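Participant: Here you go, one structure.
The values are calculated or read from the model by the stated rules, or taken from the named source; none is laboratory data. Just so you know, these numbers come straight off a predicted model, no measurement behind them. Backbone-built Cβ (ideal geometry, glycine too); neighbour counts: all protein chains shown. Only protein heavy atoms, including side chains, enter the accessible area calculation; ligands, DNA and RNA are left aside. Shrake-Rupley method; radii C 1.70, N 1.55, O 1.52, S 1.80 Å.
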Amino acid sequence: MPIERARLETTSEAGARVAGRLRTDLIGWLTTVAPEGMPQTSPIWFHWDGSEFVIYSLESARVKNIEAHPEVSLNLDGDGRGGDIVVVEGVARIDRSYRPASDHEAYVSKYRELMDGYGWTPEYFAKSYPVPIRITPTRYRHW
């Protein structure tokens, strides 16, 4: 059954602000569901192209969780007062045929400063986080 992709409405001030944050925020929080049903949330780096999200992962429980339960939630930090909240619900898939992080120019550009701060090259990052996860958004929520 095809996944119905949600589109973020960007003509309003709030929608434009959300789109800007999805392009520029460096850290998101990805919630997956473990095979036993327990939610697990972890910080992630991500790229949003306006249509889908790409995350590069370690070979970890996160990958197994997605293989067992592809429904995920990606959240951005709020303003510390319960506002400026962004939640994206979606369906994730492990796509080992997708290009490595080192060949993803927009991703490397977004995270270059953090990589440099850790002393990582894009090639090192790609070897350390070799599993591409692609997320099709099914719902955007913000307030």
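Participant: Given the residues D103, D116, which is the only one that is of a type in the set (D, E) and surrounded by 12 or more Cβ atoms within 10 Å (Cβ to Cβ)?
Facilitator: None of the other options fit; the residue is D103.
Participant: Just give me the residues in segment 23-32 being open to solvent by less than 40 Å² (accessible area, probe 1.4 Å) and either touching a helix residue (DSSP H, G or I) at 6+ places or on another chain (Cβ under 7 Å) or within 10 Å of N75 (Cα to Cα) (or both), in sequence order.
Facilitator: Passing the criteria: G28, L30, T31, T32.
Participant: Which of the strands (runs of 3 or more DSSP E) contained wholly in segment 25-143 include at least 1 residues that are over 26 Å from P2 (Cβ atoms)?
Facilitator: 28-33, 39-44, 71-76
Participant: Do we find that S73 is among the hydroxyl-bearing types (S, T, Y) and either more than 22 Å from F125 (Cβ to Cβ) or open to solvent by 40 Å² or more (accessible area, probe 1.4 Å) (or both) in this structure?
Facilitator: The answer is yes for S73.
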